[in-house]
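Notes to accompany the following structure.
Where a number appears in this text, it was derived from the coordinates with a stated rule and is not lab data. Quick caveat: nothing in here was measured; it's all calculated off a predicted structure. Because the Cβ atoms are built from the backbone with ideal geometry, glycine has one as well, and the counts that use them run over all protein chains shown.
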Amino acid sequence: MADLVVDNGRIVFTEAMRKEYTVLVPEMAPYHFDYFVDAFTSEGYNAKLLRTTDYDLIHEGMKYSHNDICVPAMLVIGQFIDALKKNVLDVHKVALIITQTGGGCRASNYIALLRRALKKAGYGFVPVISLNTGGLEKNPGFKLTPRLFHKLHDGMLFGDLMMTLVNQTRPYEKTPGDTEKLKAEIDKELRDYFMHKRLFTWRKQRKMAASIIKRFAGIEVDRSVIKPKVGIVGEIYVKYSPLGNNHLEATLEQEGCEVVTPPLYDFFLYSFDSRVYDIKHYGGSKLERFVLKCIIHYVEWRRKKMRKQIKKGNFSPGVTYRHVKKLANGFIDHGTHVGEGWLLTAEMIDLIEHGAPNIVCTQPFGCLPNHIAGKGMFKKLKKHHPEANIVAIDYDTSASKINQLNRINLMVSNAMRQRAKEEPNDSL
């Protein structure tokens, strides 16, 4: 084992480690994180995505943390420690990476909790890399270069695209499995796409996106049976992660629904925009505010072109971030940006107004920001949108899967009854 460099009690990920170590990445969003790992790999990191989806991993996390911390933290910690215990890799040649937002959410402290858990489990020598854009921690062996940043941006675009196309195709496919087969083929092609060494690949990205959309449009589907659309919102981890939400997306599709999940990129734009808001109202660097606004405009410019391509392929492209932000007006202040904040409320309004009034609001145990901006807004939302059919599902150590399924099934039953009322009577 190489000599470890310690800074303020943490193990530093050095340049030498970059060449020798495998970086384990926890999966949060299954449509996106494969591409993020491809981006890391293309830039010289030996990255490996953890794909374990057994909810019992939470018990592994509970051994080395405590019940008062939220479920996403326990699941991520459990997934990491389970991998270290069972992985065939040399644990002395492994590093972990985790995002760190720096905001008021408890997610900012996950990295400290993870390091403490590693020490308790006997893996205190394993370095943990903080993936953040605020310079919270620095590691010589890991640098968020402009090219890597842009590849992660492309990974976000393609992840949102694949999530949109799969969710709008799979429930209606004539031959079961066609959608997943095509997705697997495209995932392999995108792995090659990320191997480029250019800073910008606008033309190549647009060409790749057009090809993906055309191929999804070519899948034989039967849309004669109109299925109720069910939106998924909530805390970012349990909203997207099958591990965090007990495979919610698959459950809803099995119940005969079309799943609608808001794009992951909206959350990151919301995070940048929240910092812009704080600088404007409370002071800060004008240069930082300008740079963040430029990033938001750049991303939206790229997404606008993507939405046009999606619409051309006869799929629903969704709306702009600016439009989603406007939807919060009159409901919740834009200064509410701890956790998912106003974005959570705005996403529910967007879903209701665009044909998905049936909503599952996912909430981890004790996530106060999401209980306020989510469950706390139900009454006001239903007052303005009586057609809203919303259910809050708690994901915590004491919540039984049966109870979760019962609540989901009740919401789906209401959606099916409403859909039956809206369908024309063929006997007339």
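Of Y193, P72, P364, which is farthest along the charge dipole of the chain in the positive direction, counting Lys and Arg as +1 and Asp and Glu as -1 at C-beta?
Y193
Placing +1 at every Lys and Arg Cβ and -1 at every Asp and Glu Cβ, with all other atoms neutral, what dipole size does segment 234-346 have around its Cα centre, in debye to the nearest 20? Mind showing how you got there, number by number?
On the way: 17 positive and 12 negative charges, 199 e Å.
Magnitude of the dipole: close to 960 debye.
How far, in degrees from 0 to 90, does helix 146-169 lean away from the longest principal axis of the Cα atoms of the chain, to the nearest 10?
On a 0 to 90 degree scale, this one is about 30.
From the Cα gyration tensor of segment 303-428, with a ≥ b ≥ c the square roots of its eigenvalues, which class applies: rounded if a/c is under 1.5, or else prolate if a/b is larger than b/c, or else oblate?
Values: a/c = 1.69, a/b = 1.06, b/c = 1.60.
Cα axes put segment 303-428 in the oblate bin.
Any chance you could give the angle, 0 to 90 degrees and rounded to 10, that helix 202-217 forms with the longest Cα principal axis of the chain?
Orientation of helix 202-217: about 40 degrees from the principal axis.
Pairs of alpha-carbon atoms within less than 8 angstrom and 6+ residues apart define the contacts here; what relative contact order does segment 6-144 have, in percent?
Numbers: 193 pairs, mean separation 44.1, N = 139.
Here the relative contact order equals 32 percent.
Given the options V225, V126, V276, state which has the largest fluctuation in a GNM of the chain using a 10 Å cut-off (strictly under) for Cα springs.
Maximum among the listed residues: V225.
Taking amide H positions as placed 1.01 Å from N in the peptide plane, with prolines and chain starts having none, which residues 5 or more places from T22, or on another chain, fall under 5 Å of its amide H?
Hits under the 5 Å cutoff: V94, A95.
Past 27 Å, Cα to Cα, is the threshold; run K280/K383; K181/K401; K197/K305; K325/K380; K207/K227 against it and keep the listed order. Could the numbers behind the result be given before it?
On the way: K280/K383 33 Å; K181/K401 29 Å; K197/K305 23 Å; K325/K380 17 Å; K207/K227 32 Å.
From K280/K383; K181/K401; K197/K305; K325/K380; K207/K227, over 27 Å: K280/K383; K181/K401; K207/K227.
Could you give me the ³J(HN,Hα) list for segment 349-363, computed from phi with Karplus coefficients 6.51, -1.76, 1.60 and θ = phi - 60°, whole Hz, x at Gly and Pro?
Values, residue by residue: 5, 4, 4, 4, 6, 10, x, 10, x, 8, 9, 9, 9, 8, 9 Hz.
According to the square roots a ≥ b ≥ c of the eigenvalues of the Cα gyration tensor, what is the shape class of segment 221-318, taking rounded for a/c under 1.5, prolate for a/b larger than b/c otherwise, and oblate for the remainder?
Details: a/c = 3.93, a/b = 1.75, b/c = 2.24.
Note, shape of segment 221-318 comes out oblate.
Need the list of lysines near K93 for cross-linking: C-alpha distance under 26 angstrom, and skip anything on the same chain fewer than eight residues off.
The reachable lysines, counting only those whose Cα sits under 26 Å from K93, are K19, K48, K63, K85, K119, K120, K138, K143, K151.
Based on DSSP H runs of at least 4 residues, each adding -39500 (n - 2.57), what is the mean residue ellipticity at 222 nm of the chain after dividing by all its residues, to the nearest 500 deg cm²/dmol? Before the final figure, lay out the partial values.
Details: 17 runs with 221 residues, N = 428.
Here the helix-only value at 222 nm equals -16500 deg cm²/dmol.
For the chain, what is the charge dipole size about the Cα centre, in debye to the nearest 20, if Lys and Arg each add +1 at the Cβ and Asp and Glu each add -1 at the Cβ?
Numbers: 62 positive and 47 negative charges, 286 e Å.
Roughly 1380 debye, rounded to the nearest 20.
Could you work out which residue, out of G141, G122, G376, moves most in a Gaussian network model of the chain, that is, has the largest mean-square fluctuation with Cα springs under 10 Å?
G122
Suppose we keep just the DSSP beta bridges with both residues in the chain; what percent of those would be antiparallel, to 5? Show your work: numbers first, answer last.
On the way: 4 of 31 bridges.
Roughly 15 percent of the beta bridges in the chain run antiparallel, per DSSP.
Can you match Kirkwood radius over Cα pairs in Å to one of these, (i) 25.0; (ii) 27.8; (iii) 22.7, based on a calculation from the structure here?
After the calculation, the listed value that fits is (iii).
What does the C-alpha gyration tensor say about the overall shape of segment 6-144? Classify as rounded when a/c is under 1.5, otherwise prolate if a/b is larger than b/c, or oblate.
Working: a/c = 1.29, a/b = 1.22, b/c = 1.05.
Verdict is rounded for segment 6-144.
With a cut-off of at most 11 other beta carbons within 10 Å, and DSSP calling the residue loop, which trypsin sites (Lys or Arg not before Pro) in segment 200-273 qualify? Please list them. The partial results should precede the final answer.
On the way: sites: R203, K204, R206, K207, K214, R215, R223, K229, K239; in loops: R223.
Within segment 200-273, the qualifying trypsin sites (Lys or Arg not before Pro) (loop, at most 11 other Cβ atoms within 10 Å) are R223.
In percent, how large is the relative contact order of the chain, given Cα pairs closer than 8 Å and 6 or more residues apart? Show your work: numbers first, answer last.
Details: 598 pairs, mean separation 69.9, N = 428.
Relative CO of the chain lands at 16 percent.
Working from Cα positions, state the angle (0 to 90°, nearest 10) between the long axis of helix 33-42 and the longest principal axis of the chain.
Taking Cα atoms only, the helix is inclined about 40 degrees.
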